[in-house]
Number of protein chains: 2
Amino acid sequence: MSGDAGPLVRKLESIVELAPEEREGLRTLPLTIRDLRPQQDIVHEGDRPTQSCLVLEGFALRYKLVGGHRRQILAFHIPGEIPDLQSLHLKTMDHSLATLTAARIGFIQHRALHDLMARHPRLTGVFWRETLIDAAIFREWMVGLGRRRAPARIAHFFCEMFVRLDAIGLAKDRVIRLPVTQEELGDALGLSAVHTNRSLQELRSQNLFTFEGGRLVINDWEGLKRAADFDPLYLHQGSGGDAP
Amino acid sequence: MSGDAGPLVRKLESIVELAPEEREGLRTLPLTIRDLRPQQDIVHEGDRPTQSCLVLEGFALRYKLVGGHRRQILAFHIPGEIPDLQSLHLKTMDHSLATLTAARIGFIQHRALHDLMARHPRLTGVFWRETLIDAAIFREWMVGLGRRRAPARIAHFFCEMFVRLDAIGLAKDRVIRLPVTQEELGDALGLSAVHTNRSLQELRSQNLFTFEGGRLVINDWEGLKRAADFDPLYLHQGSGGDAP
DNA sequence: CGCCCACTTGAACGTGTTCAAACGTCGTGG
DNA sequence: CCACGACGTTTGAACACGTTCAAGTGGGCG
């Protein structure tokens with residue numbers, strides 16, 4: 001079954017302009033679409049995939065386990081992103097990929113991606129760039145994990161998700177869908193669930209945002225940015241990408 | 001002045017096999033060579049470089065400052081690596097690059113790299129892959145920063161540096177040059193210098209290694225790996241890259 | 001109604017930080 | 001040759017941030 005890679009085109013065009021043939025090439029990428037349930041593994045550490053996954057709807061995440069039961073979430077992925085694009089050139093997965101929410105995922109054979117890039121060499125740079133932005137986000141998270149205290153880490157994460165979702169049109173007037181439990185937040189930010197909870201309370205007392213029921217509402221963008229020490233430069237969204 | 005990109009070829013060939021023309025193309029890359037002193041900034045956050053840096057001799061590091069004086073070191077780079085290859089596609093630097101030790105650095109114009117890849121399309125994948133391994137190392141560091149305690153973080157770092165240096169022939173019988181102060185170690189691992197010192201003592205009492213005078217000697221590789229929970233898979237060195 | 005799950009709270013504990021001072025080595029200059 | 005300063009390392013003590021364990025709350029859904 002083949003489907004619509006629209007979200008991919010929208011995501012890429014939020015940064016670079018595409019030629020009509022390139023857009024067409026992307027749109028007609030042979031996709032195998034599957035609807036997955038929440039918390040379902042897609043690719044596992046050690047696998048050697050022959051395809052990559054395009055998030056069409058919902059959220060995905062990448063993680064690594066250490067010591068068997070401690071989990072570090074490495075990234076959250078939103079519609080239009082290809083979380084395991086790196087498997088194009090790194091044959092073995094060094095981490096796992098799973099859905100966060102129910103999600104519609106499009107699977108693309110590596111061969112199809114290589115063919116597409118051979119036909120439209122400029123797209124190579126576009127995809128490469130996507131993986132570089134991925135790495136830039138890792139770097140920023142490293143700074144958070146290593147050098148920011150819990151409340152700032154949380155605030156920073158909220159800023160990032162808002163800017164990213166806004167860039168693809170999924171922020172509606174200061175509100176985004178962010179269906180992340182406090183435990184997942186902790187696993188992403190290197191915190192225990194308990195401390196995540198307490199740090200959230202501390203932030204809530206400042207009325208910077210409302211975070212409940214999987215929705216994040218920004219009440220005070222400037223204040224949140226300040227609490228987070230947030231500078232969107234690392235997201236490399238041409239404009240500078242500042243929002244509300 | 002032009003010079004020898006030998007270390008680059010050696011580094012790339014430690015993973016993929018290159019065709020003679022490709023090797024030749026790499027060797028004749030127009031390089032501007034400069035000898036830099038220790039702790040010298042090369043590119044700064046916010047810059048928009050038109051060239052990338054190849055480490056020929058010595059060590060380089062990438063870092064980010066937060067709150068003005070707290071530093072997170074993001075990566076250490078060894079001969080043959082191009083620390084800011086990402087600037088090929090991300091125009092603005094989101095972090096800084098500096099020397100760790102005295103170092104010989106070759107500067108390569110982006111144009112020259114683009115031309116080379118246009119002539120030898122397979123090299124595009126090779127360079128892309130380098131940036132993907134970079135990202136894989138970031139991911140592993142995130143796990144350390146978020147989920148490992150201080151001694152394991154240090155042990156893990158030692159394992160990684162040993163394997164990487166060994167892969168390019170810079171490990172001599174269980175010994176590597178690792179000219180990193182305890183403060184720099186802390187900045188890389190998200191620790192204070194004091195706690196780094198105490199954790200090092202704890203590790204020393206296990207006789208896994210000797211670390212002094214900028215040299216690391218591995219006494220018990222298996223023991224060190226165990227203490228670090230180290231699995232070299234994430235370095236993506238074809239063979240599996242296990243050493244002493 | 002009852003269960004599950006996420007969130008919340010409390011209390012004790014532990015890892016890591018901060019501040020301050022001292023030690024040793026090495027290179028410089030008197 | 002020795003004094004001095006710089007720098008990295010080491011130590012101590014008080015403190016803070018974050019963890020762990022355990023129990024309790026509350027809403028949603030079968």
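Using a Förster distance of 22 Å, how high is the FRET efficiency between residue A:183 and residue A:217, based on the Cβ-Cβ distance and rounded to 0.05?
Result of the calculation: an efficiency of 0.55.
Estimate the FRET efficiency between residue A:118 and residue A:35 by the formula 1/(1 + (r/R0)^6), using the beta-carbon distance for r and 35 Å for R0, to the nearest 0.05.
0.70
Counting only other chains, what is the mean number of Cβ atoms within 10 angstrom of the Cβ of each residue in peptide A:19-32?
Mean shielding by partner chains, rounded to a whole number: 0.
Defining a contact as two alpha carbons under 8 Å apart and six or more residues distant in sequence, what relative contact order in percent does segment B:148-235 show? Present the calculation step by step, with values, prior to reporting the outcome.
Values: 104 pairs, mean separation 35.3, N = 88.
Reported as a whole number, the value is 40 percent.
Which value, in debye to the nearest 20, describes the size of the charge dipole of chain B about its Cα centre when Lys and Arg Cβ atoms bear +1, Asp and Glu Cβ atoms bear -1, and nothing else is charged?
Once rounded to the nearest 20, the dipole reads 400 debye.
When you look at the Cβ of every residue in B:65-71, what mean number of other chain Cβ atoms sits within 10 Å?
Values: counts 2, 8, 4, 0, 0, 4, 3.
Partner Cβ neighbours, averaged per residue: 3.
Per residue Cα convex hull volume for segment A:101-244, in cubic angstrom?
In segment A:101-244, the Cα convex hull volume per residue is 129 Å³.
Counting only C-alpha contacts under 8 Å and six or more residues apart, can you give the relative contact order of segment A:40-106 as a whole percent?
51 percent
Calculate one ³J(HN,Hα) per residue across segment A:15-31 by plugging θ = phi - 60° into the Karplus curve 6.51 cos²θ - 1.76 cosθ + 1.60, and present them in order as whole Hz with x for glycine and proline.
Each residue's phi maps through the Karplus curve to give 10, 10, 7, 10, 6, x, 5, 5, 4, 5, x, 5, 5, 9, 4, x, 10 Hz.
Return the calculated 222 nm mean residue ellipticity for chain B, to the nearest 500 deg cm²/dmol, obtained by summing -39500 (n - 2.57) across DSSP H runs with n ≥ 4 and dividing by the residue count.
For chain B, the value works out to -12500 deg cm²/dmol.
How large is the accessible surface per residue of the protein assembly as shown, computed with a 1.4 Å probe and reported in Å² as a whole number?
Heavy-atom accessible area per residue stands at 41 Å².
State, as an integer percentage, the relative contact order of chain B based on alpha-carbon contacts under 8 Å between residues 6 or more apart.
20 percent
Give me the compactness ratio for segment A:47-112, meaning the Cα radius of gyration over 2.2 N^0.38 Å.
In units of the 2.2 N^0.38 Å rule of thumb, it is 1.11.
How much of the accessible area of the protein assembly as shown, in percent, comes from carbon and sulfur atoms when a 1.4 Å probe is used? Let's see the in-between values first.
Numbers: 9310 of 19810 Å².
The C+S portion of the solvent-accessible surface of the protein assembly as shown is 47 percent.
Within 10 Å of each Cβ in A:85-92, how many Cβ atoms from other chains are there, averaged over the peptide?
So the per-residue partner count for this stretch is 5.
Restricting everything to alpha-carbon atoms, can you work out Rg to Rh for segment A:6-137 with a Kirkwood hydrodynamic radius? Each step should come with its number before you reach the end.
Values: Rg = 14.5 Å, Rh = 15.1 Å.
The Rg/Rh ratio comes out at 0.96.
Counting protein heavy atoms only and a 1.4 angstrom probe, how many square angstrom of accessible surface do chains A and B bury in total, to the nearest 100?
For chain A against chain B, roughly 4200 Å² becomes buried.
Out of every Cα-Cα pair in chain B, what percent are more than 35 Å apart?
13 percent
Residue B:64: which lysines have alpha carbons under 30 Å from its alpha carbon, excluding same-chain residues fewer than 8 sequence positions away?
Straight-line reach from residue B:64, under 30 Å: A:11, A:64, A:225, B:11, B:91, B:225.
Between segment B:23-82 and segment A:109-158, what is the separation of their alpha carbon centroids in Å?
Between the Cα centre of segment B:23-82 and that of segment A:109-158, the gap is 20 Å.
For residue A:117, what accessible surface area do you get with a 1.4 Å probe? Give it in Å², rounded to 10.
Near enough 20 Å² of accessible area.
To the nearest 20 Debye, how big is the dipole of the protein assembly as shown about its Cα centre, given +1 on the beta carbon of each Lys and Arg and -1 on that of each Asp and Glu?
Dipole about the Cα centre, nearest 20: 640 debye.
For a Förster distance of 41 Å, can you work out the FRET efficiency between the beta-carbons of residue B:195 and residue A:27, rounded to the nearest 0.05?
Working: r = 53 Å, r/R0 = 1.30.
After rounding to 0.05, the efficiency reads 0.15.
How big is the Rg/Rh ratio for the protein assembly as shown, C-alpha atoms only, Rh by Kirkwood, two decimals?
0.95
The values are calculated or read from the model by the stated rules, or taken from the named source; none is laboratory data. Note that the coordinates shown come from a computational prediction; the quantities given were computed from them, not determined experimentally. FYI the Cβ positions are ideal-geometry reconstructions off the backbone, even for glycines, and counts take in every protein chain you see. The area values use the complete protein model at the heavy-atom level, side chains included, leaving out ligands, DNA and RNA. Shrake-Rupley method; radii C 1.70, N 1.55, O 1.52, S 1.80 Å.
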